[in-house]
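Novice: Quick one: this structure, given as structure tokens, is what I'll be asking you about.
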Amino acid sequence: MLLWSLLVIFAPVSEEADWLTLQAPSVVFEGDSIDLMCQKKKGWREIETMAYYKDGEKLHFSNEVSSFSISHAALSDSGNYHCSATAGKFVFPKSGDSRSVRIEVQELFPCPVLTVSPFWPIEGSPVTLTCKTQPSPQRSNAELRFCFFRDGRALGSSWSSSPELRVPAMWSEDSGSYWCQAETVTPRVRKQSLQSQIHVQRVPVSNISLQIWAPRGPVIEGGNLVLLCSVAKGTGNITFSWHRDATGTSVGRKTQRSLSAELEVPAVRQRDAGRYYCRADNGHDPIQSKVLHIHVRSPVSRPVLTLGEPGARAVVGDMVELRCEAQSGSPPILYRFYHENVTLGNISAPSGGGASFNLSLTAEHSGNYSCEANNDLGAQRSEVVPLTVTGTDGYRRDHVTARVLGVLCGGLGFITVALLFYYWSHKISGERPATHAARDASRASPQESAHSSSHPDPEELQPEYVSVGPLDMDVVYSRVWIMQPPEDAANTRRPVLENEDSHVIYSDVKETEP
């Protein structure tokens, strides 16, 4: 009985060959579903167990009839597939395998390739990344989308239908490992490119210059000043700094991704004037600009007008000095002098300081005086200074006429007295009438009588001074003579003075004006 059983179990079942058949799809692309179905021939009892195999390895086993599916095929799913099953017929069970079926999963689209243009980018220049791939001609309607990555981080707006990504400017910190991915929406198949190393090259800074800019042209005290430091070339973040040449002290510093930078001084003062330079550095050798001299100009202050001698009260004919001076202000300064807002003249002070204007006074020069200072940064007007000129032109003419008349009258008086004296001296040289002698004796001073009676020594004779002209004139004429001794003095030992001519001297004495 046992032997019979063994014979039944191990007896070869060859009554019908190929009673199992594996049904599988003929064409499979990545992402497709692979559906496998193992079927028996008619006339056989129901299958009790079923299993599916790929390349001899069991994929699935079931105690009932069932199918087997691979929902998302991949290239790795390519291989030889078959199935096996056990079934009963009458009282003896039957088992067998199907024939093998070759399934080749086709590529929906090849792996993308990342290209970089330019491959050696320079800092600040644009770069284009391209993810190159395309669907299989048999599935040309497959829709692809792309994404780019750098060091594990997605770039741009993540997934896009465009296979290109344009980077407007690449910088040294953008250097790194790049790759891209491509995928289909339905079915969803994703593939990644190989990684590419991108090294962004930095350009050293060169050709640096420092310039100044002021809103109103020259640098004016109290205004704004901008120091512009710029380079012709250089990439990446550039650090600009400004320095005073005398001490090297930094007055400002900026770091930015630009070829130029500005330093603004909001309110310039005179202490800000001097020599400046700037520096630029982007990680390579720093460079320095030439020294720039900054001049700060100051508007003029309100000038002060002063009057020189004789001061605020003068007379016609005087010379007065008008002095105008602004205590502060950058040269050159132009001064204008005014009399009752009428310009008298202009004087320039090239080196600053004040200026003077000399004026010969007339009666019309009485009034208010002022001056103005201007150095093209704004004019300033002084306070008004009054000046009074005494003595009008009529008074001056009357005074001159009176003096002329006085001189004429004095001259006529002088001529009259000279004629009288000439007549009198000639009478004395001859026989003098008694009346004349008596008149002369009566007119002589007591001192003269004493000298005459005592026959004085000629060495003791004294001159006599007599005023001739009128006393109310500004010119006085005086007559001076020496008394002669009597005629009987010949008997004495003293010499007798000659009486041929009278010794008369006229002196001119001028009076000053009151």
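Novice: So, in nm, how far is label Ile212 from label Trp159 when the simple model puts each one 7 Å beyond its Cα toward the Cβ?
Specialist: 6.2
Novice: Once neighbouring chains are kept in place and the probe is 1.4 Å, which whole percent of the accessible area of region 303-390 is contributed by carbon and sulfur?
Specialist: On the way: 2070 of 4310 Å².
On region 303-390, the fraction of accessible area on carbon and sulfur atoms equals 48 percent.
Novice: Here's something else I'd like to know. Sort Asp35, Asp318 from largest to smallest accessible area, using a 1.4 Å probe on the heavy atoms of the protein chains.
Specialist: Numbers: Asp35 85, Asp318 45 Å².
So, going from the largest accessible area down, we get Asp35, Asp318.
Novice: Solvent-accessible area per residue for region 270-380 at a 1.4 Å probe radius, Å²?
Specialist: Values: 5730 Å² over 111 residues.
Ligands and nucleic acids excluded, the result is 52 Å² per residue.
Novice: Need one number: nm distance between label points at His72 and Asp97, each 7 Å from Cα along Cα→Cβ, rounded to one decimal.
Specialist: My value for the distance between the label points is 3.1 nm.
Novice: At a 10 angstrom cut-off on C-beta neighbours, averaged per residue, how do the peptides 60-69, 178-187, 360-369 rank from highest to lowest? List each step's numbers first, then the result.
Specialist: Working: 60-69: 14.2, 178-187: 18.7, 360-369: 15.7.
Highest-to-lowest ranking by the protection proxy: 178-187, 360-369, 60-69.
Novice: Using the beta-carbon distance between Lys233 and Ser117 and R0 = 22 Å, what value does 1/(1 + (r/R0)^6) give for FRET efficiency, to the nearest 0.05?
Specialist: Values: r = 23 Å, r/R0 = 1.02.
Step by step, r from the Cβ atoms, then E = 0.45.
Novice: Hey, another quick one. Sorted by accessible area with a 1.4 angstrom probe, largest first, how do Ile198, Ile122, Ile208 fall?
Specialist: Greatest to least solvent exposure: Ile122, Ile208, Ile198.
Novice: Continuing with this model, one more query. Can you give the percent of C-alpha pairs in region 206-294 whose distance is more than 18 Å? It would help to have the intermediate numbers written out before the result.
Specialist: Numbers: 1565 of 3916 pairs.
Considering region 206-294, 40 percent of its Cα-Cα pairs are separated by more than 18 Å.
Novice: Also, quick follow-up: Modelled label-to-label distance, Asn80 and Leu194, 7 Å Cα→beta-carbon offset: nm?
Specialist: Going from the Asn80 label point to the Leu194 one covers 3.4 nm.
Novice: Here's something else I'd like to know. Assuming R0 = 51 Å, can you tell me the calculated FRET efficiency for the pair Val65 and Gln134, based on Cβ-Cβ distance, to the nearest 0.05?
Specialist: 0.75
Novice: What's the long-distance tail for region 113-198, i.e. % of Cα pairs beyond 17 Å? Walk me through the intermediate numbers first.
Specialist: On the way: 1680 of 3655 pairs.
That tail contains 46 percent of the Cα-Cα pairs.
Novice: While we're looking at this one, here's another question. Just need the Rg to Rh number for region 42-175, please, alpha carbons only, Kirkwood Rh.
Specialist: Numbers: Rg = 25.9 Å, Rh = 19.8 Å.
Computed over Cα atoms, the ratio is 1.30.
Novice: In addition: How large is log10 of I(q)/I(0) for region 303-390 at q = 0.13, 0.20, 0.22 Å⁻¹ when the intensity is taken from the Debye formula with one equal scatterer per alpha-carbon?
Specialist: Here log10 of I(q) over I(0) equals -0.38, -0.83, -0.98.
Novice: Next question. What FRET efficiency comes out for the pair Ser360/Thr306, r = Cβ-Cβ distance, R0 = 22 Å, nearest 0.05?
Specialist: Working: r = 18 Å, r/R0 = 0.83.
Computed FRET efficiency for Ser360 and Thr306 comes out at 0.75.
Novice: A further question follows. Between the alpha-carbon centers of region 169-183 and region 291-355, tell me the distance in whole angstrom.
Specialist: 72
Novice: Using only the alpha carbons of region 20-106, what is the convex hull's orientation-averaged projected area in square nanometres? Show your work: numbers first, answer last.
Specialist: Working: hull surface 21.3 nm².
Reported value for the Cα convex hull: 5.3 nm².
Novice: Keeping every protein chain in place, order His293, His339 by accessible area at 1.4 Å, biggest value first, i.e. largest first.
Specialist: Values: His293 95, His339 25 Å².
If we order His293, His339 from most to least accessible, we get His293, His339.
The values are calculated or read from the model by the stated rules, or taken from the named source; none is laboratory data. Everything numeric here is computed off the predicted structure, so don't read it as measured data. Using ideal geometry, Cβ is built from the backbone for each residue, glycine included, and neighbour counts are taken over all protein chains shown. With ligands, DNA and RNA removed, areas are computed over all heavy atoms of the protein, side chains included. Shrake-Rupley method; radii C 1.70, N 1.55, O 1.52, S 1.80 Å.
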